[in-house]
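Peer 1: Structure in structure tokens, see below.
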Amino acid sequence: MPKAYWVVTYRSLTNPNAWQAYAKLAKPAITDAGGRFVALGKPAMIYEAGMNQIVVLVEFESLQHAIACHETSAYREALRALGTGNVERDIRIVEGTA
């Protein structure tokens, strides 16, 4: 069964305090659900239409684990801490090739 990944990119972060409150809750929620942080930070290089934005890459054992993590009560609590309008981001869940 192929692994799966959360690919998260932040286009803007207008409330760093809300983002920090989210991160404090989200990191343990994600790791408790089996996620492993592979990358977290700004890109070292940007090509083509890339943007210099925070990127988070989290690996899961399967697509089902990746989706289930987003639906846990612990992660939903983190999302509540983030609130609305404090960040603009994109979360994609993709399945690995092998």
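Here, each number is a calculation from the coordinates, and none is a lab measurement. What you see is a predicted model; the values in this text were computed from it and never measured. When we count neighbours, we look across all protein chains shown, and the Cβ atoms used for this are built from the backbone with ideal geometry, even at glycine.
Peer 1: Any residue at all in the stretch 60-77 that is closer than 22 Å to K42 by Cβ and in contact with a Phe, Trp or Tyr (Cβ under 8 Å, 6 or more places away or on another chain)? Please lay out each step first, then the result.
Peer 2: Let us first name the residues in the stretch 60-77 that are closer than 22 Å to K42 by Cβ, namely none.
No, the stretch 60-77 has no match at all.
Peer 1: Now for a different question. Show me the helices (runs of 4 or more DSSP H) found entirely inside the stretch 9-98 where at least 2 residues are of a type in the set (A, V, I, L, M) and surrounded by fewer than 16 Cβ atoms within 10 Å (Cβ to Cβ). Reasoning before the result, please.
Peer 2: Working: elements: 16-32, 63-70, 73-82.
Hits in the stretch 9-98: 63-70, 73-82.
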